[in-house]
Structures are given as structure tokens and as C-alpha cells.
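Q: Structure below; questions to follow.
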């Protein structure tokens, strides 16, 4: 019997990748070529030249996203470069299409220097309705996102930050509700302060968590006002701001001190086992919630966490319950922002998406082993799209209005068409 790795390599070679371009218009003869290309194409070109906003109406820009990466932090593989990272971005494009009905184009950049990276993305932006940054090492990923978001008039999203944080927030909201606790009064520990947990921290605050009750921890220990190493990096990384406003008690130490008495731990650090030890989970509060998000091996094995006293455990893996998978968020979020032609994705929009995700799980009955929906639940992306589109309008960042019913119809049409195309194979 062949292994998963062997099958994956063989099938990638057989199909030569996972995605392709396909026409969306009928072409039966020369008359159609004349219509879709020259001379007929001149008319929409002139219309856009006269009214640039008509590009959304007359081209596929409004359904096209660029997946941009330099390959410096690919999945659990590290800095493998832009060529080796291409299969991952093709897979991301596949998920965009199947779950969100979004046409996504992988763009692997052989530049990592921030000025060149930002200039390249800005130069290609007129083709796209959104930019998805992916698998970029920190601290550069923070700088690129913070520079590109205000520079472009289309959404710029870093899925390793905002996507993971959105799904993690949904998991926390349902888990806390299940154990009878509230986010505003919960004590939260964050293990690892890279791309994911920096965004988790920010969304937790927007959703109502008390920053003073959050104790973050990285390789240098807990984050507090005495972390001069992080103060020295304040110009290029956001962790120092976390030091200034979190950890009101000034707790020092490492992971065990951060977890002591915590209601929730959200770990997005390095693969385990034993990054988080069972005795540290035992020292958490009653009905503790453990999200161990490292791949391929969680910071603590779910069974070990449960045996140590945790009531609810989630991981980043599909072979354990409660998978915290950013694919639950980004297809629907981009579907929603594209359908209202949003110019950015705010934290409030991400919180709205998280609440929609939590609601999807609630419809199926929230249990210790079901605090999130799965990728197989067909309504997830539609509901996330509607919530995101409505939130974009409330935030004043949408160019195109739409009621909940209209947004649902737009999302359902695009997603159904994409899935019917896939089934035709």
C-alpha cells in the first residue's frame, strides 16, 4: 500500500499541478473570437478608460485574488523558497475556488526585501480584487501587511495572521459558552507570539477580551513591560505593544507561569510534543480549554491534555476533533468582500466572520468535540460571506451594497457554480 506522501507526489506529477484557467463565456466559432477579443473587446476597454469603476462590471477583477508568497515560511517546511512553495499556493487556489467560488492566482515572488515586495504587489494590484499574503516569515510579514493595507484600494489579508485568528476566535467563543464562561472575564494564555497569535491577540480584544487578563509567552518568556529585547524591535514588530497593554499582573517566567490559572490557552508556536506539558494544563482553571495549533505535531497531544484536566481541546489537524483550520474562514471572507467590492478587511469584519463560524457549529450542536464546523459543511462559506459583506457595509468600506438575502444569493451562485465544475471531472 502506498503512503499519503507517495500518492501525493505521484498525483501531482500526473496532473502537473492542481489548477488551470478555463473560459467562462461560450466560444463556438470566429464570431465569438471577434466578440471576446479584437475587434469587439475595444468597447469595454474604452468604457473602462472613461469610467475606471466599470472594471468591476466588465472584467473578472471582482472575482480574482492573488495569493502572494516569497516561500520563506511554508507550512511546517520553513524557508524553502518560491519554487518549492508553489504547490502550496496552488492548493490554496483550489480551496478558494471550491469553497468560495473565487478565482485565485498563485504569485511566487523571488524578492523578500520589503520595498521590492511591496512595489511588486502594488504593480500587479490592478488585476485583482484582493491580495492574500501567505507563508511569509516574521517579522517581515507584519511590515508587509501594515504597509500594503493602506497603500492599496483592495483588501490585503495575511491568512497566517488574520485567517488563523478568525477561526481561533470562533473556537474560543463556542468553547467558553459551552463551559459557562464569558470572554470578557476569561483569563487567556497565548503560547508563541508569531504571525498567528499576534492577530489572535488583536481579535480577542476587538471581540471583548480584557487585554490585562491575557498573558502572552514567546521563546524569551512572558510578555511584560520589562522585555527590553522586544522594545528594541518595536519599529518592525508588534510584540512590544502587547507587552505594554497585556499582563496587568506583570507575570514573569515562561509557559507554566502563563498557563497557571488560565481558562484558555491558544498555542501557535512550534511542533511538539511536550512544548506544553500535562502538569501545566493541570494547573489551569477548571474546565480548561486548550487550542494546540502547531503542525504537524500539536504542542501537546489532545489525549494528554484531556487526561491532564482540559475539558475541550482543539488542534490544527483534521484527524483530531475541533480542527482550527483557516480554510474555514478565508474562502467565505473573500467571497463576502468581493461581492461588496470592499476596499479593505477590518478587524470588525473578521470578528463578524468568526461569529458566523461559531453560529454554524451551534446549528449542529456545540459539544466538547464539536466547537467548530468542518470543511464538509456546505453552508459555512455562504454564511461567512454574508456576515463579512454586511460588516463591510457597516464599516463603510464597501463599494457595492447588498442586503443579507442579496449577499447570500451572490455567494451561493458563485460557490455552487465552482463546485458543479469540479464535479464534472
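The values are calculated or read from the model by the stated rules, or taken from the named source; none is laboratory data. The structure displayed is predicted, hence computed values, not measured ones. Heads up, the Cβs are rebuilt from the backbone with ideal geometry, glycines too, and the neighbour counts pull from every protein chain shown.
Q: In this structure, is residue 350 in a helix (DSSP H, G or I), crowded, with 24+ Cβ neighbours inside 10 Å and at pLDDT 95 or above? Reasoning before the result, please.
A: Details: in a helix (DSSP H, G or I): yes; crowded, with 24+ Cβ neighbours inside 10 Å: yes; at pLDDT 95 or above: yes.
Criteria met by residue 350.
Q: State whether the residues of segment 132-148 include one that is without any contact (Cβ under 8 Å) to a residue 60 or more places away in the chain, outside any helix (DSSP H, G or I) and crowded, with 24+ Cβ neighbours inside 10 Å.
A: Narrowing segment 132-148 to residues without any contact (Cβ under 8 Å) to a residue 60 or more places away in the chain: 144-148.
Imposing the further condition that a residue be outside any helix (DSSP H, G or I) reduces the set to none.
Within segment 132-148, none of the residues are without any contact (Cβ under 8 Å) to a residue 60 or more places away in the chain, outside any helix (DSSP H, G or I) and crowded, with 24+ Cβ neighbours inside 10 Å.
Q: Same structure, new question: Identify all residues within segment 110-131 that are modelled with pLDDT of 95 or more, surrounded by fewer than 17 Cβ atoms within 10 Å (Cβ to Cβ) and either within 19 Å of the chain's Cα centre (by Cα) or part of a loop (DSSP other than H, G, I, E, B) (or both); write none if there are none.
A: 110
Q: Would you tally the residues in segment 290-327 being more than 18 Å from residue 164 (Cβ to Cβ) and free of Cβ contacts under 8 Å to residues at least 24 places away in the same chain?
A: 4
Q: Which count do you get for residues in segment 200-227 that are within 18 Å of the chain's Cα centre (by Cα) and either farther than 16 Å from residue 264 by Cα or touching a residue at least 40 places away in the same chain (Cβ under 8 Å) (or both)?
A: As a first pass, look at segment 200-227 and keep what is within 18 Å of the chain's Cα centre (by Cα): 200-207.
If we keep only those that are either farther than 16 Å from residue 264 by Cα or touching a residue at least 40 places away in the same chain (Cβ under 8 Å) (or both) too, we end up with 200-203, 206-207.
Number of matching residues: 6.
Q: I've got another one for you. Between 309, 314, 332, which is in contact with a helix residue (DSSP H, G or I) (Cβ under 8 Å, 6 or more places away or on another chain) and in a loop (DSSP other than H, G, I, E, B)?
A: Working: 314 fails: in a loop (DSSP other than H, G, I, E, B); 332 fails: in a loop (DSSP other than H, G, I, E, B).
Within the list 309, 314, 332, the selection yields 309.
Q: Using the structure shown, decide if residue 194 is on the phi > 0 side of the Ramachandran plot and either assigned by TED's automatic domain parsing to the domain that holds residue 206 or at pLDDT below 95 (or both). First the steps, then the outcome.
A: Values: on the phi > 0 side of the Ramachandran plot: no; either assigned by TED's automatic domain parsing to the domain that holds residue 206 or at pLDDT below 95 (or both): yes.
Spelling it out, it is not the case that residue 194 is on the phi > 0 side of the Ramachandran plot and either assigned by TED's automatic domain parsing to the domain that holds residue 206 or at pLDDT below 95 (or both).
Q: Let me ask something else about it. Could you please give the count of residues in segment 248-296 that are under 30 Å from residue 5 (Cβ atoms) and surrounded by fewer than 18 Cβ atoms within 10 Å (Cβ to Cβ)? Break it down stepwise before answering.
A: Going through segment 248-296, the residues under 30 Å from residue 5 (Cβ atoms) turn out to be 266-276, 290-296.
Now narrow it down to the ones that are surrounded by fewer than 18 Cβ atoms within 10 Å (Cβ to Cβ): 270-271, 273-274, 295-296.
Count: 6.
Q: If you check residue 169 against the conditions, is it outside the structural domain of residue 311 (by TED's automatic domain parsing) and touching a helix residue (DSSP H, G or I) at 6+ places or on another chain (Cβ under 8 Å)?
A: On the way: outside the structural domain of residue 311 (by TED's automatic domain parsing): no; touching a helix residue (DSSP H, G or I) at 6+ places or on another chain (Cβ under 8 Å): yes.
So residue 169 does not fit the description; no.
Q: Within segment 233-289, which helices (runs of 4 or more DSSP H) (wholly inside it) include 2 or more residues that are without any contact (Cβ under 8 Å) to a residue 60 or more places away in the chain, in contact with a helix residue (DSSP H, G or I) (Cβ under 7 Å, 6 or more places away or on another chain) and more than 15 Å from residue 221 (Cα to Cα)?
A: On the way: elements: 239-245, 255-259, 278-282.
Helices (runs of 4 or more DSSP H) meeting the threshold: 278-282.
Q: Right, something else. If a residue has to be modelled with pLDDT under 95 and either over 23 Å from the mean Cα position of the chain (by Cα) or more than 22 Å from residue 141 (Cα to Cα) (or both) to count, how many in segment 233-254 make the cut?
A: Of the residues in that region, 3 qualify.
Q: Note down all Cβ pairs under 7 Å where the first residue falls in segment 48-70 and is on the phi > 0 side of the Ramachandran plot, the second is buried (at least 21 other Cβ atoms within 10 Å of the Cβ) and outside any helix (DSSP H, G or I), and they're at least six residues apart or on different chains.
A: none
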